[in-house]
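Some notes on the structure that comes next.
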Amino acid sequence: MADWTDTFFEGFWGLMQRAPVVSESAPEEARHMRRLLRLRRGSRVLDVPCGDGRISLELARAGCEVVGVDRCEPSVRRARRRFRTAELTGRFHVGDMRRLRAGSGFDAVVNWWGSFGYFDDGTNLEVLRGFASVIRPGGRVLVDQVNRERILRDFREHNAFDYGGLRIITRNRWDAEAERVEGIWVFSRGGRRVRRHSSIRLYTPSQMERLMASAGLLLERLYDGTDGSDYTRGSRRLTAVGRKPGRAPRKERRGRGVRKRAAGR
């Protein structure tokens, strides 16, 4: 059965990803990720879906070992090209996050830029379980969505904006029963117009905590991925960090002990 994700991220979406405002925000976003996921040089990170590698690139620049997975083959090619140009090492594969084949033993999985909630609740849970299955004990999973509470408080049925050389018009509908935002997107550039449909399940903080628990993860932190601050009802984004039960590597445990002793002084 065809899914909206089969075609949505082709073509004009790639131009959106390459817009200056998106690229310029990547270093700060990656810095927040490294802090909240406790990443350091040599940490192994799976970026899924990785898009054209803008976040992967910043993590690799900080010394992380990065693997990226995305269904869109042109995006994967662009990610590889970015890494070659920057003379960085990273591995990128075409793949579906519902059927993850990326190895194991990762320190973290990053699911960024509203890339969660694409499917029905059962499938979203299986996606999260897949993320949990590839991280080591003590590893972390980051899932990012727009903040449902803020979106619904000021729900906009119609939007029009320019992004990366594109004119984008959206028509949105909130399906209260399914708890999903149903969207119609019209992309236009140079006389060409493309119409796409999206459907995203938005989770409340308590729903996200239960979902993570069902996937075998302990919700460790909620924050706003736009600026790294703690999550509030007015946050622009709901960014959740879940940890897989188990002992952290010795280096991480030692680092926590040092911070604790310093605070005690």
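Each value in this text was obtained by applying a stated rule to the coordinates, not by laboratory testing. Source: prediction; values computed, not measured. As a convention, Cβ positions derive from the backbone with ideal geometry for all residues, glycine included, and neighbour counts pool all protein chains shown.
Summary of computed values
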item: Label-to-label distance, nm, for residues given as Val94 and Phe155 (7 Å Cα→Cβ offset); result: 3.8 nm
item: Span-rule helices in the chain, defined as complete DSSP H runs reaching 15 Å or more along the axis (Cα) with Kyte mean at least -0.5; result: 121-134
item: Extension gain, Arg40 back to Asp3 (0.36 nm per residue minus Cα-Cα distance, nm); result: 9.6 nm
item: Per-selection Kirkwood Rh - segment 195-243 (Cα, Å, 1 d.p.); result: 11.8 Å
item: Ranked list, fewest to most other Cβ atoms within 10 Å of each Cβ, for Ile151, Ile55; result: Ile151, Ile55
item: Cβ-placed point charges (K, R +1; D, E -1), dipole of segment 103-161 about Cα centre in debye, nearest 20; result: 180 debye
item: Pairwise FRET efficiency - Ser214 versus Asn172, Cβ, R0 = 35 Å, nearest 0.05; result: 0.80
item: Cβ crowding within 10 Å averaged over residues, with 200-206, 59-65 ranked highest first; result: 59-65, 200-206
item: Once the Cα gyration tensor of the chain is diagonalised, semi-axes √(5λ) in Å; result: 30, 22, 18
item: Order of Val127, Val45 under a 10 Å beta carbon neighbour criterion, fewest first; result: Val127, Val45
